[in-house]
Amino acid sequence: MDKIFLNQLAFYGYHGVFEEESVLGQRFIVDLELFLNLKKAGKSDDLTHSIHYGEVYNVAKEIVEGKRYQLLESVAEVLASKLLTEFPLLEACKIKLIKPDPPIVGHYESVGVEIYRERTDDE
């Protein structure tokens, strides 16, 4: 399947289970893979047959920088649902949500979640 990808989208949010995360906030990095048929867009050179990257970015920003969630799993799920609702050509999406600086003692590059969701009849 064809896909559009947006990598390393950087946002500032207040998600996490620790109180200091809700007060201080932190960086979040988002990688998106959007699965859809791009053949018609490629042949027509018409954006109406594809998905506008800027609009996808704005949806991700709204979710990650908006309402606070305790779990990254919740942020990713809300983002996937919103993308599948807002973009009718989107057949599926893979979302990788990374927390580079969580308040965890230890040595690591980052923590995060990755989900894959497909369009269902109720979307």
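Annotations
- Residue count for region 26-47 under the criterion of being charged (D, E, K, R), more than 13 Å from Ala60 (Cβ to Cβ) and not in a helix (DSSP H, G or I): the result is 3.
- Boolean, Glu91 is closer than 14 Å to Ala60 by Cβ, surrounded by 13 or more Cβ atoms within 10 Å (Cβ to Cβ) and among the acidic types (Asp, Glu): no
- Failed item, numbered, when Lys67 is tested on (1) part of a helix (DSSP H, G or I); (2) over 16 Å from Ile95 (Cβ atoms): (1)
- Within region 8-25, tally of residues that are in a strand (DSSP E or B) and on the phi > 0 side of the Ramachandran plot: 1
- Inclusion of Ile51 among residues that are part of a loop (DSSP other than H, G, I, E, B) and at pLDDT 95 or above is warranted.
- Filtered residues of region 27-62 (kept if hydrophobic (A, V, I, L, M, F, W, C), more than 17 Å from Asn7 (Cβ to Cβ) and touching a Leu at 6+ places or on another chain (Cβ under 8 Å)): Leu36, Ala41
The values are calculated or read from the model by the stated rules, or taken from the named source; none is laboratory data. Please read these numbers as outputs of a predicted model, since none were measured by experiment. Note that we place each Cβ from the backbone using ideal geometry, even for glycine, and neighbour counts take in every protein chain shown.
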